[in-house]
Amino acid sequence: MTGAANPPRTELRAQAVSMAAAVAPFGLAFGLLCSEADLSILESSAYSALVFTGGSQFAAVGVLRDGGTPAAAASAGMLIGLRLLAFGVVMAPALRGPVLKRIAMSHLMIDESMAVGSASDDLDDRRFGYLWGGLSIFVVWNLTTFVGRSFLGSNPTVAVDLGLDATVPAAFLALLWPRLSTGEHRRVAICGGLIAAITVPLAPPGIPIVVAVLGVLAAKRPQEPPVD
Amino acid sequence: MTDAGLVLLLLGVGILILKSTGPVALGSRTLPAGVARAADLVPAALLSALIVTSGFAAGGQSLTIDARTCGLAAAVVALRLRSPFVVTVALAAFVTALVRLVSP
(Lines give C-alpha, C1' and ligand atoms only; values in the text may rest on other atoms or scores of the structure.)
Protein backbone atom coordinates (compact mmCIF):
# COMPACT_ATOMS: atom_id res chain seq x y z
CA MET A 1 0.00 0.00 0.00
CA THR A 2 1.28 3.42 -0.83
CA GLY A 3 0.14 6.90 -0.05
CA ALA A 4 1.16 7.20 3.56
CA ALA A 5 4.54 7.93 5.00
CA ASN A 6 5.64 5.68 7.83
CA PRO A 7 6.45 8.24 10.45
CA PRO A 8 8.72 7.27 13.31
CA ARG A 9 7.03 6.90 16.67
CA THR A 10 8.53 10.14 17.97
CA GLU A 11 6.66 11.90 15.16
CA LEU A 12 3.42 10.09 15.95
CA ARG A 13 3.77 11.09 19.59
CA ALA A 14 4.35 14.71 18.59
CA GLN A 15 1.25 14.65 16.39
CA ALA A 16 -0.80 13.11 19.18
CA VAL A 17 0.30 15.70 21.74
CA SER A 18 -0.26 18.56 19.28
CA MET A 19 -3.77 17.26 18.63
CA ALA A 20 -4.38 17.21 22.37
CA ALA A 21 -3.27 20.82 22.66
CA ALA A 22 -5.51 21.74 19.74
CA VAL A 23 -8.65 20.40 21.47
CA ALA A 24 -7.99 22.26 24.74
CA PRO A 25 -10.01 25.37 23.80
CA PHE A 26 -12.91 23.16 22.75
CA GLY A 27 -12.85 21.37 26.10
CA LEU A 28 -13.02 24.76 27.80
CA ALA A 29 -15.91 25.72 25.52
CA PHE A 30 -17.76 22.52 26.38
CA GLY A 31 -17.31 23.20 30.09
CA LEU A 32 -18.74 26.65 29.54
CA LEU A 33 -21.70 25.21 27.61
CA CYS A 34 -22.39 22.88 30.54
CA SER A 35 -22.56 25.90 32.87
CA GLU A 36 -25.05 27.52 30.54
CA ALA A 37 -27.10 24.32 30.53
CA ASP A 38 -27.07 24.11 34.34
CA LEU A 39 -25.23 20.81 34.46
CA SER A 40 -23.42 20.02 37.67
CA ILE A 41 -19.64 19.74 37.68
CA LEU A 42 -20.02 15.98 38.09
CA GLU A 43 -22.41 15.72 35.14
CA SER A 44 -20.14 17.84 32.92
CA SER A 45 -17.13 15.74 33.81
CA ALA A 46 -19.09 12.55 33.24
CA TYR A 47 -19.98 13.65 29.70
CA SER A 48 -16.35 14.18 28.82
CA ALA A 49 -15.24 10.94 30.44
CA LEU A 50 -18.05 8.61 29.38
CA VAL A 51 -19.24 9.98 26.05
CA PHE A 52 -15.85 11.39 25.07
CA THR A 53 -16.92 12.67 21.68
CA GLY A 54 -16.78 16.43 21.21
CA GLY A 55 -19.37 16.80 18.48
CA SER A 56 -21.94 14.63 20.23
CA GLN A 57 -21.34 16.32 23.57
CA PHE A 58 -21.83 19.79 22.11
CA ALA A 59 -24.93 18.67 20.21
CA ALA A 60 -26.63 16.97 23.15
CA VAL A 61 -25.86 19.57 25.80
CA GLY A 62 -26.65 22.33 23.31
CA VAL A 63 -30.14 20.86 22.85
CA LEU A 64 -30.58 20.63 26.62
CA ARG A 65 -29.47 24.24 27.06
CA ASP A 66 -32.01 25.34 24.48
CA GLY A 67 -34.78 23.51 26.35
CA GLY A 68 -35.03 20.39 24.21
CA THR A 69 -36.22 17.00 25.41
CA PRO A 70 -33.84 14.22 26.46
CA ALA A 71 -34.93 12.27 23.38
CA ALA A 72 -34.00 15.17 21.11
CA ALA A 73 -30.67 15.64 22.85
CA ALA A 74 -29.73 11.98 22.69
CA SER A 75 -30.81 11.71 19.05
CA ALA A 76 -28.73 14.72 18.09
CA GLY A 77 -25.70 13.27 19.85
CA MET A 78 -26.11 9.88 18.16
CA LEU A 79 -26.69 11.33 14.70
CA ILE A 80 -23.57 13.43 14.85
CA GLY A 81 -21.73 10.36 16.13
CA LEU A 82 -22.58 8.10 13.20
CA ARG A 83 -19.20 8.75 11.63
CA LEU A 84 -17.62 6.92 14.58
CA LEU A 85 -18.88 3.72 12.98
CA ALA A 86 -16.79 4.45 9.90
CA PHE A 87 -13.77 5.29 12.06
CA GLY A 88 -14.17 1.95 13.86
CA VAL A 89 -14.09 0.09 10.56
CA VAL A 90 -10.94 1.97 9.53
CA MET A 91 -9.16 1.29 12.81
CA ALA A 92 -10.41 -2.29 13.31
CA PRO A 93 -7.35 -4.14 11.94
CA ALA A 94 -5.08 -2.23 14.33
CA LEU A 95 -7.22 -2.76 17.42
CA ARG A 96 -7.01 -6.51 17.84
CA GLY A 97 -7.11 -8.56 21.01
CA PRO A 98 -9.70 -9.91 23.41
CA VAL A 99 -13.17 -8.43 22.92
CA LEU A 100 -13.18 -6.45 26.16
CA LYS A 101 -9.82 -4.93 25.30
CA ARG A 102 -11.11 -3.94 21.87
CA ILE A 103 -14.13 -2.27 23.43
CA ALA A 104 -11.91 -0.44 25.93
CA MET A 105 -9.61 0.80 23.16
CA SER A 106 -12.62 1.78 21.08
CA HIS A 107 -13.73 4.21 23.76
CA LEU A 108 -10.91 6.46 22.56
CA MET A 109 -12.29 6.52 18.99
CA ILE A 110 -12.61 10.15 17.94
CA ASP A 111 -11.70 12.20 14.87
CA GLU A 112 -8.23 12.95 16.09
CA SER A 113 -7.23 9.49 17.31
CA MET A 114 -8.44 8.02 14.02
CA ALA A 115 -6.44 10.65 12.16
CA VAL A 116 -3.17 9.96 13.99
CA GLY A 117 -3.96 6.25 13.96
CA SER A 118 -4.14 6.14 10.18
CA ALA A 119 -0.87 8.00 9.66
CA SER A 120 1.12 4.83 9.22
CA ASP A 121 0.89 1.63 7.18
CA ASP A 122 2.20 -0.55 10.00
CA LEU A 123 -0.59 -1.92 12.21
CA ASP A 124 1.42 -1.69 15.43
CA ASP A 125 2.29 1.92 14.65
CA ARG A 126 -1.34 2.61 13.85
CA ARG A 127 -2.35 1.37 17.27
CA PHE A 128 0.49 3.35 18.81
CA GLY A 129 -0.61 6.59 17.15
CA TYR A 130 -4.27 5.91 17.93
CA LEU A 131 -3.64 5.21 21.63
CA TRP A 132 -1.28 8.15 22.07
CA GLY A 133 -3.76 10.45 20.35
CA GLY A 134 -6.74 9.05 22.20
CA LEU A 135 -5.15 9.04 25.64
CA SER A 136 -3.51 12.48 25.45
CA ILE A 137 -6.76 13.97 24.23
CA PHE A 138 -8.70 12.12 26.93
CA VAL A 139 -6.53 13.74 29.60
CA VAL A 140 -6.63 17.23 28.09
CA TRP A 141 -10.33 17.03 27.22
CA ASN A 142 -11.35 16.05 30.74
CA LEU A 143 -9.06 18.58 32.41
CA THR A 144 -10.27 21.45 30.25
CA THR A 145 -13.92 20.42 30.64
CA PHE A 146 -13.47 20.62 34.40
CA VAL A 147 -11.70 23.97 34.21
CA GLY A 148 -14.22 25.35 31.73
CA ARG A 149 -17.20 24.28 33.82
CA SER A 150 -15.69 25.42 37.11
CA PHE A 151 -13.99 28.68 36.26
CA LEU A 152 -14.89 30.07 32.88
CA GLY A 153 -17.87 32.30 33.22
CA SER A 154 -16.62 35.38 31.55
CA ASN A 155 -14.25 34.94 28.68
CA PRO A 156 -15.70 32.62 26.07
CA THR A 157 -14.20 34.47 23.11
CA VAL A 158 -10.56 34.04 24.07
CA ALA A 159 -10.16 30.91 21.99
CA VAL A 160 -11.59 32.60 18.90
CA ASP A 161 -9.50 35.76 19.39
CA LEU A 162 -6.36 33.64 19.50
CA GLY A 163 -7.32 31.79 16.32
CA LEU A 164 -7.32 28.51 18.22
CA ASP A 165 -10.33 27.20 16.32
CA ALA A 166 -8.13 27.08 13.23
CA THR A 167 -5.77 24.60 14.84
CA VAL A 168 -8.14 21.66 14.40
CA PRO A 169 -8.56 21.86 10.60
CA ALA A 170 -4.87 22.72 10.25
CA ALA A 171 -3.98 19.60 12.23
CA PHE A 172 -6.22 17.44 10.02
CA LEU A 173 -4.56 18.99 6.97
CA ALA A 174 -1.10 18.26 8.32
CA LEU A 175 -2.14 14.64 8.83
CA LEU A 176 -3.65 14.37 5.36
CA TRP A 177 -0.67 15.93 3.59
CA PRO A 178 1.73 12.94 3.60
CA ARG A 179 -1.09 10.71 2.34
CA LEU A 180 -1.42 12.73 -0.86
CA SER A 181 1.58 11.14 -2.52
CA THR A 182 -0.35 9.15 -5.13
CA GLY A 183 -2.80 10.45 -7.70
CA GLU A 184 -5.35 7.97 -6.44
CA HIS A 185 -5.16 9.29 -2.88
CA ARG A 186 -5.36 12.86 -4.15
CA ARG A 187 -8.47 12.09 -6.19
CA VAL A 188 -10.14 10.35 -3.25
CA ALA A 189 -9.29 13.26 -0.93
CA ILE A 190 -10.64 15.85 -3.35
CA CYS A 191 -13.80 13.80 -3.87
CA GLY A 192 -14.29 13.31 -0.14
CA GLY A 193 -13.86 17.02 0.50
CA LEU A 194 -16.25 17.99 -2.29
CA ILE A 195 -18.88 15.54 -1.11
CA ALA A 196 -18.60 16.91 2.41
CA ALA A 197 -18.85 20.48 1.13
CA ILE A 198 -21.99 19.69 -0.85
CA THR A 199 -23.59 17.79 2.03
CA VAL A 200 -23.00 20.39 4.76
CA PRO A 201 -25.99 22.59 3.89
CA LEU A 202 -28.18 19.56 3.34
CA ALA A 203 -27.67 17.41 6.39
CA PRO A 204 -27.12 17.77 10.15
CA PRO A 205 -23.55 18.09 11.43
CA GLY A 206 -21.56 14.85 11.37
CA ILE A 207 -23.44 13.35 8.43
CA PRO A 208 -21.23 14.99 5.77
CA ILE A 209 -18.28 13.04 7.19
CA VAL A 210 -20.13 9.75 6.80
CA VAL A 211 -21.25 10.52 3.24
CA ALA A 212 -17.74 11.64 2.28
CA VAL A 213 -16.56 8.03 2.60
CA LEU A 214 -18.14 7.59 -0.85
CA GLY A 215 -15.12 9.55 -2.06
CA VAL A 216 -13.27 6.23 -2.27
CA LEU A 217 -15.32 5.50 -5.37
CA ALA A 218 -12.93 7.87 -7.14
CA ALA A 219 -10.23 5.25 -6.76
CA LYS A 220 -9.00 3.21 -9.70
CA ARG A 221 -10.62 -0.11 -10.33
CA PRO A 222 -8.18 -3.02 -9.89
CA GLN A 223 -8.16 -3.98 -13.62
CA GLU A 224 -6.82 -0.61 -14.73
CA PRO A 225 -3.04 -0.41 -15.13
CA PRO A 226 -1.46 2.15 -12.82
CA VAL A 227 -0.88 5.44 -14.60
CA ASP A 228 0.75 7.50 -11.86
CA MET B 1 -32.46 11.59 37.57
CA THR B 2 -31.99 14.85 35.72
CA ASP B 3 -32.60 15.18 31.99
CA ALA B 4 -28.88 15.64 31.54
CA GLY B 5 -28.19 12.47 33.47
CA LEU B 6 -30.59 10.45 31.35
CA VAL B 7 -29.06 11.74 28.12
CA LEU B 8 -25.64 10.97 29.53
CA LEU B 9 -26.59 7.33 30.10
CA LEU B 10 -28.19 6.95 26.66
CA LEU B 11 -25.30 8.58 24.84
CA GLY B 12 -22.65 6.88 26.93
CA VAL B 13 -23.93 3.46 25.86
CA GLY B 14 -24.99 4.42 22.34
CA ILE B 15 -21.75 6.16 21.41
CA LEU B 16 -19.62 3.32 22.74
CA ILE B 17 -21.63 0.90 20.60
CA LEU B 18 -20.93 3.05 17.52
CA LYS B 19 -17.24 3.22 18.34
CA SER B 20 -16.68 -0.42 19.11
CA THR B 21 -18.84 -2.11 16.46
CA GLY B 22 -16.07 -1.98 13.83
CA PRO B 23 -13.27 -3.36 16.00
CA VAL B 24 -15.47 -5.94 17.70
CA ALA B 25 -17.14 -7.21 14.54
CA LEU B 26 -14.13 -7.09 12.25
CA GLY B 27 -11.13 -7.31 14.55
CA SER B 28 -10.28 -10.94 14.10
CA ARG B 29 -10.90 -11.11 10.38
CA THR B 30 -8.49 -10.35 7.59
CA LEU B 31 -10.19 -8.03 5.17
CA PRO B 32 -10.30 -9.19 1.56
CA ALA B 33 -7.79 -7.36 -0.64
CA GLY B 34 -10.32 -5.06 -2.29
CA VAL B 35 -11.78 -3.99 1.01
CA ALA B 36 -8.32 -3.55 2.50
CA ARG B 37 -7.40 -1.25 -0.37
CA ALA B 38 -10.55 0.76 0.14
CA ALA B 39 -9.81 0.98 3.86
CA ASP B 40 -6.40 2.40 3.01
CA LEU B 41 -8.05 5.13 0.96
CA VAL B 42 -10.93 5.91 3.32
CA PRO B 43 -8.82 7.98 5.76
CA ALA B 44 -7.91 10.31 2.89
CA ALA B 45 -11.60 10.94 2.21
CA LEU B 46 -12.42 11.24 5.93
CA LEU B 47 -9.57 13.64 6.69
CA SER B 48 -10.50 15.80 3.72
CA ALA B 49 -14.12 15.90 4.87
CA LEU B 50 -13.02 16.79 8.41
CA ILE B 51 -10.94 19.67 7.04
CA VAL B 52 -13.98 20.97 5.18
CA THR B 53 -16.34 20.72 8.13
CA SER B 54 -13.99 21.95 10.87
CA GLY B 55 -12.40 24.61 8.68
CA PHE B 56 -15.40 26.00 6.88
CA ALA B 57 -18.55 24.87 8.68
CA ALA B 58 -17.77 24.28 12.36
CA GLY B 59 -21.06 23.04 13.72
CA GLY B 60 -23.40 24.86 11.44
CA GLN B 61 -25.06 24.01 8.17
CA SER B 62 -23.38 26.57 6.00
CA LEU B 63 -19.90 26.95 4.63
CA THR B 64 -18.17 30.24 5.27
CA ILE B 65 -14.92 31.73 4.10
CA ASP B 66 -13.47 33.63 7.01
CA ALA B 67 -10.31 34.16 9.01
CA ARG B 68 -9.89 30.39 9.44
CA THR B 69 -9.58 30.09 5.68
CA CYS B 70 -6.55 32.36 5.81
CA GLY B 71 -5.16 30.22 8.61
CA LEU B 72 -5.61 27.10 6.49
CA ALA B 73 -3.95 28.78 3.53
CA ALA B 74 -1.01 29.56 5.77
CA ALA B 75 -0.96 25.90 6.83
CA VAL B 76 -0.75 24.85 3.16
CA VAL B 77 2.24 27.15 2.67
CA ALA B 78 3.87 25.78 5.82
CA LEU B 79 3.35 22.20 4.64
CA ARG B 80 4.78 22.93 1.18
CA LEU B 81 7.83 24.31 2.97
CA ARG B 82 8.02 21.00 4.88
CA SER B 83 7.40 22.63 8.25
CA PRO B 84 7.00 20.43 11.30
CA PHE B 85 3.49 19.57 12.49
CA VAL B 86 3.51 21.92 15.48
CA VAL B 87 4.77 24.87 13.43
CA THR B 88 2.05 24.31 10.81
CA VAL B 89 -0.72 24.27 13.40
CA ALA B 90 0.65 27.22 15.39
CA LEU B 91 1.04 29.26 12.21
CA ALA B 92 -2.58 28.57 11.26
CA ALA B 93 -3.73 29.88 14.65
CA PHE B 94 -1.45 32.91 14.42
CA VAL B 95 -2.59 33.94 10.94
CA THR B 96 -6.26 33.40 11.85
CA ALA B 97 -5.89 35.58 14.94
CA LEU B 98 -4.08 38.26 12.94
CA VAL B 99 -6.76 38.38 10.26
CA ARG B 100 -9.45 38.68 12.94
CA LEU B 101 -7.49 41.47 14.59
CA VAL B 102 -7.12 43.58 11.47
CA SER B 103 -10.47 42.97 9.79
CA PRO B 104 -13.27 45.45 10.44
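Worth pointing out:
- Filtered residues of segment B:23-55 (kept if modelled with pLDDT of 90 or more and more than 7 Å from chain A (Cβ to nearest Cβ)): B:Ala25
- No other residue among B:Ala58, B:Ala75 is crowded, with 21+ Cβ neighbours inside 10 Å, within 22 Å of A:Gly55 (Cβ to Cβ) and either free of Cβ contacts under 8 Å to residues at least 24 places away in the same chain or more than 7 Å from chain A (Cβ to nearest Cβ) (or both) apart from B:Ala75.
- Residue check for B:Val95: at pLDDT 90 or above, of a type outside the set (S, T, N, Q), under 22 Å from A:Met19 (Cα atoms) and surrounded by fewer than 15 Cβ atoms within 10 Å (Cβ to Cβ): no
- Set A:Arg126, A:Arg96: member being in a helix (DSSP H, G or I) and farther than 12 Å from B:Lys19 by Cα: A:Arg126
Here is a yes/no grid of residues against (1) more than 7 Å from every other protein chain (Cβ to nearest Cβ); (2) in contact with a strand residue (DSSP E or B) (Cβ under 9 Å, 6 or more places away or on another chain); (3) assigned to a loop (DSSP other than H, G, I, E, B); (4) on the phi > 0 side of the Ramachandran plot:
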| site | (1), (2), (3), (4) |
| --- | --- |
| A:Gln57 | yes, no, no, no |
| A:Ala60 | no, no, no, no |
| A:Val63 | yes, no, no, no |
| A:Gly67 | yes, no, yes, yes |
| A:Ala74 | no, no, no, no |
| A:Lys101 | yes, no, no, no |
| A:Ala104 | yes, no, no, no |
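- For segment B:3-12, the criterion of being modelled with pLDDT of 95 or more, surrounded by fewer than 18 Cβ atoms within 10 Å (Cβ to Cβ) and of a type in the set (Val, Ile, Thr) is met by no residue.
- First in segment A:167-182 and more than 7 Å from chain B (Cβ to nearest Cβ), second anywhere and of a type in the set (A, V, I, L, M, F, W, C) and assigned to a helix (DSSP H, G or I), Cβ under 7 Å, 6 or more apart: A:Leu180/A:Ala189
- For A:Gly193, the conditions (1) within 22 Å of A:Ile80 (Cα to Cα); (2) out of contact with any helix residue (DSSP H, G or I) (no Cβ under 7 Å at 6 or more places or on another chain); (3) not charged (D, E, K, R) are fulfilled apart from (2).
- Condition check for A:Leu162: crowded, with 23+ Cβ neighbours inside 10 Å, facing chain B (nearest Cβ under 7 Å) and not polar (S, T, N, Q): no
- Scanning segment A:19-43 for residues that are aliphatic (A, V, I, L, M), more than 11 Å from chain B (Cβ to nearest Cβ) and surrounded by fewer than 20 Cβ atoms within 10 Å (Cβ to Cβ) gives A:Ala24, A:Ile41.
- Check on A:Gly81, under 29 Å from B:Ala45 (Cβ atoms), more than 8 Å from chain B (Cβ to nearest Cβ) and either buried (at least 23 other Cβ atoms within 10 Å of the Cβ) or free of Cβ contacts under 8 Å to residues at least 60 places away in the same chain (or both): no
The values are calculated or read from the model by the stated rules, or taken from the named source; none is laboratory data. These numbers were taken from a predicted model, which means no experiment stands behind them. Cβ sites come from the backbone with ideal geometry, for glycine too, and all protein chains shown count toward neighbours.
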